[in-house]
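Quick notes on the structure that follows.
Just so it is clear, none of the values below were taken in a lab; they were calculated from the coordinates. Because the structure is a prediction, the values reported are computed rather than measured. Heads up, the Cβs are rebuilt from the backbone with ideal geometry, glycines too, and the neighbour counts pull from every protein chain shown.
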Amino acid sequence: MIALLALFAACNPLPDTIALTGVVGDTPYGGGGVVGGATVSVLDDAYAAVDSQDADSDGAFSVALPAGVLFYLTVEAEGYAPTAFSGVAGLYDSAAPEGYPWVASDAWMAELREEFAACPTVADAGTVVAGEVRGYISGVAYTDLGLIPTGTARVLTEDNVEYAACYLDDTGVSTADGTVTGATGRFAIFGVPAGPILVEVRYTDPGGVVPVEVFQFVAPDTGLVPLYPALVQLQY
């Protein structure tokens, strides 16, 4: 079997890169406008540059991803905050789903800070990590997944420095001392430094178990790392 697999690999070498095509939007989950001329940049799992291309006037782009490994993707455009994503590339060219990637306008970022106005760190300079926690169910559209009211989030840097999240209450009002996501599922973490980060998302299920999901990103300088949604595996 090993010899057969080796022969197959020799006849069908795996690609070094694959192509990702898509359209840059201006809102999470799609359904908004497009951003023409945005620059889409890719790093591999060792933080080395792989590709950087400008979208056309309709927001359409095509970039190379490192095949079969973790990648980091950042979108930048004038009047928008650099917005960062990550994922694991496959072995074949693929099209990005609607709503991925998107780039946050300066106005969107200002509205986010207004929503979390009572957060003690809201005025801190740096990148913002923000999103909403939803439970993962295979085959269900992101927007139809249930919001998690017992979620918590934090950022850890390479130096193991922790940045805590702020939350909204059940009515969507900012609080200074909230401890969980509440009915909105929303959280935001302000003042995160640029560079590699881990985002930990937890929630308490009805049985008292606390599952943990960990997401890897490269935070852009004074930009946004969006987790819309931050998916957590449901426990039963």
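Each residue of the stretch 62-78 was assigned a 3J(HN,Hα) from its phi angle through the Karplus curve 6.51 cos²θ - 1.76 cosθ + 1.60 (θ = phi - 60°); the sequence is 9, 10, 8, 10, x, 5, x, 9, 5, 9, 10, 10, 10, 10, 10, 7, 5 Hz, with glycine and proline shown as x.
In this simple spin-label approximation, Ala141 and Thr222 carry label points 7 Å from Cα along the Cα→Cβ vector, and these lie 3.7 nm apart.
Compactness of the stretch 95-139 was expressed as the Cα radius of gyration divided by 2.2 N^0.38 Å, which yields 1.50.
Close amide-amide hydrogen proximity is noted between Asp93 and Ala19, each under 5 Å apart and 5 or more residues distant or on a separate chain (H modeled in the peptide plane; Pro and chain starts excluded). Whole-Hz Karplus values for the stretch 128-135 come out as 10, 10, 9, x, 9, 8, 10, x Hz, taken residue by residue from phi with 6.51 cos²θ - 1.76 cosθ + 1.60 and θ = phi - 60°; glycine and proline positions read x. Placing +1 on each Lys and Arg Cβ and -1 on each Asp and Glu Cβ, with no other charges, gives the stretch 2-104 a dipole about its Cα centre of roughly 300 debye. Once the Cβ-Cβ distance of Ala117 and Glu200 is raised to the sixth power relative to R0 = 22 Å, the FRET efficiency obtained is 0.35.
Ranked by the mean number of other Cβ atoms within 10 Å of their residues, highest first, the peptides 180-190, 132-142, 36-46 fall in the order 180-190, 36-46, 132-142. Would any residue of the stretch 77-114 have its amide N under 19 Å from a label point 7 Å out along Cα→Cβ of Thr21? List them or say none. Zone members listed by number: 89-102. The mean of 1/r over all distinct Cα pairs in the chain, once inverted, gives the Kirkwood hydrodynamic radius of 18.7 Å. Relative to the longest principal axis of the Cα atoms of the chain, the long axis of helix 106-115 lies at roughly 40 degrees. Per-residue 3J(HN,Hα) values for the stretch 154-164, derived from phi via the Karplus relation 6.51 cos²θ - 1.76 cosθ + 1.60 with θ = phi - 60°, read 7, 10, 10, 8, 4, 8, 6, 7, 9, 10, 8 Hz in sequence order (x marks Gly and Pro). Largest mean-square fluctuation among Pro82, Pro15, Pro149, in a Gaussian network model of the chain whose springs join Cα atoms under 10 Å apart, belongs to Pro15.
The sum of -39500 (n - 2.57) across all DSSP H runs of n ≥ 4, divided by the residue count of the chain, sets its helix-only mean residue ellipticity at 222 nm to -2500 deg cm²/dmol.
When the chain is described by a simple charge dipole with +1 on each Lys and Arg Cβ and -1 on each Asp and Glu Cβ, the residue from Val173, Gly139, Pro101 located farthest towards its positive end is Gly139.
Charged side chains reduced to their Cβ positions (Lys and Arg at +1, Asp and Glu at -1) give the stretch 87-236 a dipole of some 240 debye around its Cα centre. Taking amide H as placed 1.01 Å from N in the peptide plane, the amide H of Arg154 sits under 5 Å from that of Glu200, each at least 5 places away or on another chain. Spacing of the modelled spin labels on Ala48 and Val214, each 7 Å from Cα toward Cβ, amounts to 2.4 nm.
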